[in-house]
């Protein structure tokens, strides 16, 4: 297995295909990482989210890190690590960006809306809109491992 | 899709089966997240690592977060988020713990050693032993989503 650095162009191609990643935020130097569905477009990750700890923390400290895997098997994978900044997309200031996020995340929205509705029903909250935010990508690094492992389907 | 909280026992079962996760650390409230191969045993995650940013950061701030996914498809998944503390396992103070880590991570070690050797060759470093550390699990929460999506194999 050899491990090599990816170019920025190679990173961009991989980010463009990604629909899932891991988002880390931090408060008082306690890190917190969760999986997120996301879409990358023109220097931003767009994310659909419920309210919760990550939103509360990113409102207080907008510095985040996003990591994207593309794993074939243990010896053949890429990993991209992005440093970025949290930006919430509330109405009405971000109507345009929010519509763009909604379009990018349309498929995701169809899965999430029933779950959101049920969570609200259980918690007794009023029905609220899903929360959209985006991450401005400030820097990224990528690694690619290449090896001789058999494809996982044949393992 | 419904989302429910997992019990501590359910979390423990899932951690016991995990061999891959995402580790977040933080320095000056800049989070950093990377994928790691790991093994869980008796309240600790054991990890095999090269030197690098995450090690430097965790030495300065041992507060970490580990997240474990088990994903069947978009509507059927579990996610466990663990808060813990970094503990390095150098010789000779941690000979016993290091041997335990080596045994748990044996399979992983066979993949990593050639990559480590090559990285050292390229960087001109002397051959060094792989670095072992463990994460003491201090608290964890888990969620399970259950839905009606078809298994991904049939998608």
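The values are calculated or read from the model by the stated rules, or taken from the named source; none is laboratory data. Source: prediction; values computed, not measured. Methodologically, a virtual Cβ is constructed for each residue, glycine included, from the backbone with ideal geometry; neighbour enumeration extends over all protein chains shown.
For the range B:80-100, give me each residue that is assigned to a loop (DSSP other than H, G, I, E, B) and either touching a strand residue (DSSP E or B) at 6+ places or on another chain (Cβ under 6 Å) or surrounded by 14 or more Cβ atoms within 10 Å (Cβ to Cβ) (or both). First the steps, then the outcome.
Just the residues of the range B:80-100 that are assigned to a loop (DSSP other than H, G, I, E, B), to begin with: B:89-94.
B:89, B:94 - these are the residues of the range B:80-100 that are assigned to a loop (DSSP other than H, G, I, E, B) and either touching a strand residue (DSSP E or B) at 6+ places or on another chain (Cβ under 6 Å) or surrounded by 14 or more Cβ atoms within 10 Å (Cβ to Cβ) (or both).
Only residues that are touching a helix residue (DSSP H, G or I) at 6+ places or on another chain (Cβ under 6 Å), at pLDDT below 95 and surrounded by fewer than 20 Cβ atoms within 10 Å (Cβ to Cβ): list them for the range A:21-48, please.
A:37
Among the candidates A:57, A:77, which residue alone is outside any strand (DSSP E or B) and in contact with a strand residue (DSSP E or B) (Cβ under 8 Å, 6 or more places away or on another chain)?
Numbers: A:77 fails: outside any strand (DSSP E or B).
Unique residue meeting the criteria: A:57.
Would you pick out the residues in the range A:65-87 that are within 8 Å of another protein chain (Cβ to nearest Cβ), under 14 Å from the mean Cα position of the chain (by Cα) and more than 19 Å from residue A:101 (Cα to Cα)?
Residues satisfying the conditions are A:65, A:67, A:69, A:79, A:81, A:83.
Would you pick out the residues in the range B:2-49 that are facing chain A (nearest Cβ under 7 Å) and at negative phi? Step through it out loud before you land on a result.
Step one: filter the range B:2-49 for residues facing chain A (nearest Cβ under 7 Å), giving B:2-3, B:22, B:24-26, B:29-35.
The answer is B:2, B:3, B:22, B:24, B:25, B:26, B:30, B:31, B:32, B:33, B:34, B:35.
For residue B:38, only one of the following conditions fails: (1) outside any strand (DSSP E or B); (2) touching a strand residue (DSSP E or B) at 6+ places or on another chain (Cβ under 9 Å). What is its number?
The one condition residue B:38 does not meet is (1).
Is it true that residue B:80 is in contact with a helix residue (DSSP H, G or I) (Cβ under 8 Å, 6 or more places away or on another chain) and either closer than 21 Å to residue B:11 by Cβ or modelled with pLDDT of 95 or more (or both)? Show your work before the answer.
Details: in contact with a helix residue (DSSP H, G or I) (Cβ under 8 Å, 6 or more places away or on another chain): yes; either closer than 21 Å to residue B:11 by Cβ or modelled with pLDDT of 95 or more (or both): yes.
It is true that residue B:80 is in contact with a helix residue (DSSP H, G or I) (Cβ under 8 Å, 6 or more places away or on another chain) and either closer than 21 Å to residue B:11 by Cβ or modelled with pLDDT of 95 or more (or both).
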